[in-house]
Amino acid sequence: MKKTTFFSLILILSFFYGYTQSKGELILPSETIEIKKIKKQTPQWRILQIAVIKTIGEHLDSDLLFKTPKGDGYITSISLVFNMKGGIDTVYFAEKMSPQLKKILKPNAELVAKLKKILPFPDFNGKIVVYPILFKWGYDATLNYGEHFLNDFEGLWPNLDVKDQKKQIILLRPYINIFHKSEN
């Protein structure tokens with residue numbers, strides 16, 4: 001009798017696990033995230049990635065970035081909420097960004113205004129795009145996973161306003177921004 005109950009319980013749990021897997025949902029203790037399988041990133045996605053990284057690169061404090069100790073790196077994400085016309089409506093920066101990275105990136109109203117000027121992307125109408133970025137020295141083969149790096153990693157997911165929580169979220173491929181000083 002005990003074996004039958006045990007196997008029945010295992011079978012029921014397997015069914016529910018398989019059912020949630022086929023629905024494409026990941027259930028976490030505090031929230032539910034809908035995961036959409038995307039076969040291939042379109043050229044629009046790549047253009048958006050380049051436009052965002054170029055805008056950030058023109059805004060950040062490169063002198064402070066070059067003072068980053070060898071082996072250190074920074075990881076962050078920028079989340080863009082697109083309106084129904086494909087323009088950037090709201091920008092979320094990683095919530096737990098380290099103080100060093102905040103000084104380098106300067107995630108302020110000026111950067112938000114620059115990001116909002118990026119041309120519209122109709123592929124993203126009414127959606128949120130999460131764009132993870134890693135900043136690291138180009139010649140370093142290793143990366144120090146110190147406290148600031150782990151805190152930055154922990155804060156990658158955006159803390160969305162209630163109005164944005166039901167929108168479809170698209171996770172772009174992470175971008176590794178390899179920086180180096182040019183020697184003249």
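Derivation of every value follows stated rules applied to the coordinates shown; laboratory data play no part. If you're wondering where the values come from, they're calculated on a predicted model, not measured in any experiment. When we count neighbours, we look across all protein chains shown, and the Cβ atoms used for this are built from the backbone with ideal geometry, even at glycine.
If R0 is 41 Å, the Cβ-Cβ spacing of Lys85 and Lys106 corresponds to a FRET efficiency of close to 0.90. Between Asp63 and Ala113, full extension at 0.36 nm per residue minus the direct alpha carbon distance yields a gain of 15.8 nm.
Multiplying the sequence separation of Glu154 and Asn177 by 0.36 nm and subtracting their Cα-Cα distance, what value in nm do you get? Intermediate results must be reported in sequence, preceding the final value.
Values: separation 23, 0.36 × 23 = 8.28 nm, distance 1.91 nm.
Length gained between Glu154 and Asn177: 6.4 nm.
Ranked from highest to lowest mean number of other Cβ atoms within 10 Å per residue, what is the order of the peptides 92-103, 71-82, 150-161? Write down the numbers at each step before the final one.
Details: 92-103: 18.1, 71-82: 22.1, 150-161: 16.2.
By packing density, highest mean first, the sequence is 71-82, 92-103, 150-161.
Here r is the Cβ-Cβ distance between Tyr139 and Ile53 and R0 is 22 Å; the resulting FRET efficiency, rounded to 0.05, is 0.65. Shape of the stretch 45-184 from the C-alpha gyration tensor: prolate (a/c of 1.5 or more and a/b above b/c, with a ≥ b ≥ c the square roots of its eigenvalues).
Please state the shape class of the stretch 137-176: rounded when a/c is under 1.5, otherwise prolate if a/b exceeds b/c and oblate if not, all from the C-alpha gyration tensor. If you can, show how the numbers build up before the last one.
On the way: a/c = 5.21, a/b = 2.04, b/c = 2.55.
Oblate, because a/c is 1.5 or more while a/b does not exceed b/c.
When a/c reaches 1.5 or more, the comparison of a/b and b/c decides; with that in mind, is the stretch 82-154 rounded, prolate or oblate per its Cα gyration tensor? Prolate is the answer for the stretch 82-154, as a/c is 1.5 or above and a/b outweighs b/c. On full extension, the segment bounded by Asp164 and Glu95 gains 23.3 nm, given 0.36 nm per residue less the C-alpha separation. Among residues other than Pro69 with Cβ under 12 Å from its Cβ, the summed charge is +1 (Lys and Arg +1, Asp and Glu -1).
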